[in-house]
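A.B. asks: Below are the structure tokens for one structure; questions will follow.
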Amino acid sequence: MGLFTKECPFCHHTVFRPLYWLHERRHTKLLDDGQMTDHYELREEDRYKGSLEGVPQVYHHEKCGAQTGMPEDIIRSYLVKPDLYSPYTFCVGCNDYVPHSEVSWVETGESLMFI
């Protein structure tokens with residue numbers, strides 16, 4: 001990207017840097033359920049292409065007991081670039097973002113804190 005432009009990690013469009021905050025605000029606007037409108041993800045061609053068999057996809061929040069499924073595009077992005085995501089994840093039971101330390105994969109019992 002150039003000195004005056006930035007690639008948006010949500011939609012991958014090139015945005016004029018001084019106005020990026022306005023562009024980003026559209027992606028991070030909270031929906032009625034408390035979740036952001038969009039999340040970071042890699043371009044489709046850069047995501048993991050293999051089978052997701054055996055890859056954890058649902059996590060359990062200890063505090064509220066809810067189970068949340070992770071969208072496939074985020075799983076495939078994470079498998080290629082784990083540092084793309086913050087140490088928080090959305091919980092459908094709390095309608096809020098919670099720390100990875102409070103949730104564990106249903107399939108393995110492992111904490112998301114270690115991803």
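A.B. asks: When you look at Asp33, is it exposed (fewer than 11 other Cβ atoms within 10 Å of the Cβ), of a type outside the set (Lys, Arg) and in a helix (DSSP H, G or I), yes or no?
C.D. replies: For Asp33, the condition - exposed (fewer than 11 other Cβ atoms within 10 Å of the Cβ), of a type outside the set (Lys, Arg) and in a helix (DSSP H, G or I) - is not met.
A.B. asks: Another question, if that's okay. Could you run through region 1-43 and say how many residues are outside the structural domain of Asp73 (by TED's automatic domain parsing), among the basic types (Lys, Arg) and under 15 Å from the mean Cα position of the chain (by Cα)?
C.D. replies: The total comes to 1.
A.B. asks: Taking region 85-102 on its own, how many of its residues are of a type in the set (S, T, N, Q), under 18 Å from Thr28 (Cβ atoms) and surrounded by fewer than 17 Cβ atoms within 10 Å (Cβ to Cβ)?
C.D. replies: Final tally of qualifying residues: 2.
A.B. asks: Return the residues of region 70-106 that are farther than 21 Å from Lys49 by Cα and either in the same structural domain as Gly34 (by TED's automatic domain parsing) or acidic (Asp, Glu) (or both); say none if nothing qualifies.
C.D. replies: Passing the criteria: Asp96, Glu102.
A.B. asks: State the number of residues belonging to region 56-84 that are aromatic (Phe, Trp, Tyr) and either more than 11 Å from the chain's Cα centre (by Cα) or exposed (fewer than 14 other Cβ atoms within 10 Å of the Cβ) (or both).
C.D. replies: 1
A.B. asks: Give all pairs with beta carbons closer than 7 Å in which a residue from region 44-69 that is in the same structural domain as Phe114 (by TED's automatic domain parsing) and free of Cβ contacts under 8 Å to residues at least 60 places away in the same chain meets a residue that is of a type in the set (Asp, Glu) and crowded, with 16+ Cβ neighbours inside 10 Å; count only pairs at least 6 apart in sequence or on separate chains.
C.D. replies: Matching pairs, first to second residue: His61/Glu102; Glu62/Glu102; Lys63/Glu102.
A.B. asks: Return the residues of region 4-21 that are under 26 Å from Arg47 (Cβ atoms), assigned to a loop (DSSP other than H, G, I, E, B) and free of Cβ contacts under 8 Å to residues at least 60 places away in the same chain; say none if nothing qualifies.
C.D. replies: The answer is Cys8, Phe10, Cys11, His12, His13.
The values are calculated or read from the model by the stated rules, or taken from the named source; none is laboratory data. All of these numbers come straight from a predicted model, not from anything done at the bench. Positions of Cβ are generated from backbone atoms using ideal geometry, with glycine treated the same way; all protein chains shown enter the neighbour counts.
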